[in-house]
1. Here is a check on your reading of the model: is Arg135 within 16 Å of ligand 2 (Cβ to nearest atom), within 30 Å of Asp98 (Cα to Cα) and surrounded by fewer than 21 Cβ atoms within 10 Å (Cβ to Cβ)?
2. Scan region 130-146 for residues that are over 25 Å from Thr86 (Cα atoms) and either assigned to a strand (DSSP E or B) or within 13 Å of ligand 1 (Cβ to nearest atom) (or both) and report the count.
3. Just one of Leu104, Leu7 is exposed (fewer than 14 other Cβ atoms within 10 Å of the Cβ), of a type in the set (A, V, I, L, M) and assigned to a helix (DSSP H, G or I); which is it?
4. Answer yes if at least one residue in region 182-193 is touching a Lys or Arg at 6+ places or on another chain (Cβ under 8 Å), crowded, with 17+ Cβ neighbours inside 10 Å and at pLDDT 95 or above, and no otherwise.
5. Among (1) in a loop (DSSP other than H, G, I, E, B); (2) over 27 Å from Gly250 (Cβ atoms); (3) touching a residue at least 24 places away in the same chain (Cβ under 8 Å), where does Glu95 come up short?
6. Could you say which residue among Phe225, Phe256 is part of a helix (DSSP H, G or I), touching a residue at least 12 places away in the same chain (Cβ under 8 Å) and under 18 Å from the mean Cα position of the chain (by Cα)?
7. Hey, among Ser140, Ser163, Ser119, Ser84, which residue is free of Cβ contacts under 8 Å to residues at least 24 places away in the same chain and within 13 Å of ligand 2 (Cβ to nearest atom)?
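The values are calculated or read from the model by the stated rules, or taken from the named source; none is laboratory data. Since this is a predicted model, take the numbers as computed values, not measurements. Heads up, the Cβs are rebuilt from the backbone with ideal geometry, glycines too, and the neighbour counts pull from every protein chain shown.
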Amino acid sequence: MALSRALRCCQRIFSWIPVIIISSVVLWSYYAYVFELCFVTLSNHLERVAYLLIFHVCFIMFWWTYWKAIFTSPSTPCKKFQLSYTDKERYEMEERPDVQKQILVDIAKKLPIFTRAQSGAIRFCDRCQVIKPDRCHHCSVCETCVLKMDHHCPWVNNCVGFSNYKFFLLFLSYSMIYCVFIASTVFQYFLKFWVGDLPNGSAKFHVLFLLFVALMFFVSLMFLFGYHCWLVAKNRSTLEAFSAPVFQNGPDRNGFHVGLCRNLQQVFGEDKKLWFIPVFTSLGDGHYFPLRTLGESENPLLANEEKWLEDGGSDEESADENEPSVIIRTES
Ligand SMILES: [Zn+2]
Ligand SMILES: [Zn+2]
């Protein structure tokens with residue numbers, strides 16, 4: 001018992017190593033850029049002020065988004081999705097798996113759940129004793145169910161999900177801007193050092209490495225960022241890209257795809273002014289998401305509609321011919 005606790009503690013400490021590495025590299029880049037490049041190498045005063053100003057804006061935005069991605073705790077399913085004491089007792093006492101499944105089906109009738117397990121059963125997390133909302137998954141590192149879980153990212157030592165997906169995307173964007181700005185301004189001094197226009201010294205070493213590190217990070221971030229842009233455009237999480245969410249009438253990769261504009265709004269919010277600022281503006285509460293309907297006749301949602309209304313929810317259907325039609329669910 002004590003050993004497993006010690007192991008867990010070690011694991012927790014080790015999990016911070018990637019964050020410490022990133023932070024150290026960025027802090028070093030600050031020293032190298034501000035002191036070695038701007039103060040030691042640069043001679044033009046105006047150029048120095050301009051470089052420092054833009055650099056600090058990029059630097060602050062990077063830390064702000066990185067901080068928010070790391071320290072925004074993942075959101076977990078609300079109380080409504082947890083089994084009540086009596087339901088739990090009933091579920092645990094029952095030995096027949098079929099009846100157990102039926103118990104979950106009965107409870108889930110009151111909940112806005114449209115996805116199923118591969119087997120067609122209600123998605124239930126044994127460890128958290130909770131009925132999983134759509135797009136929610138259990139993270140074995142965080143040991144909890146995470147709403148709209150995307151993946152567990154070691155570089156932010158946190159689960160990327162509904163609560164911090166916007167921050168994670170902004171972190172990727174500002175990291176790339178930071179790298180591009182450094183690389184583009186450092187390049188001419190790198191050349192000057194190379195051809196011997198500037199004197200040898202510690203500044204040469206720092207400038208050389210600044211360019212190298214900025215380019216290296218930029219290239220690796222570019223692929224990750226490109227992939228996530230594609231995911232946002234398609235309204236898929238990384239997990240959903242690997243295995244399509246299963247609805248009542250089968251798996252559908254595009255089940256949550258409601259058009260590019262609305263997909264973007266789901267992550268970044270409706271106010272475009274706030275898209276690039278790391279404040280939480282994602283739409284909804286992470287428990288349910290608008291669905292792309294599959295046509296009236298085979299619409300599995302209609303079966304759930306009445307039960308929904310009983311629970312105080314209200315449904316609205318938009319039937320725009322140009323946009324995929326979408327069920328908007330609001331809860332009172
Ligand atoms: Zn769980
Ligand atoms: Zn996690």
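1. no
2. Of the residues in region 130-146, 4 are over 25 Å from Thr86 (Cα atoms) and either assigned to a strand (DSSP E or B) or within 13 Å of ligand 1 (Cβ to nearest atom) (or both).
3. Just one listed residue meets the conditions, Leu7.
4. Scanning region 182-193 turns up no residue that is touching a Lys or Arg at 6+ places or on another chain (Cβ under 8 Å), crowded, with 17+ Cβ neighbours inside 10 Å and at pLDDT 95 or above.
5. Among (1) in a loop (DSSP other than H, G, I, E, B); (2) over 27 Å from Gly250 (Cβ atoms); (3) touching a residue at least 24 places away in the same chain (Cβ under 8 Å), the lone unmet condition for Glu95 is (3).
6. Only one candidate passes the filter, namely Phe225.
7. Exactly one residue qualifies, and that residue is Ser140.
A quick yes/no check of all residues on (1) of a type in the set (A, V, I, L, M); (2) closer than 30 Å to Gly255 by Cα; (3) surrounded by fewer than 17 Cβ atoms within 10 Å (Cβ to Cβ):
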{"position": "Arg127", "(1), (2), (3)": "no, yes, yes"}
{"position": "His152", "(1), (2), (3)": "no, yes, no"}
{"position": "Val156", "(1), (2), (3)": "yes, yes, no"}
{"position": "Val213", "(1), (2), (3)": "yes, no, no"}
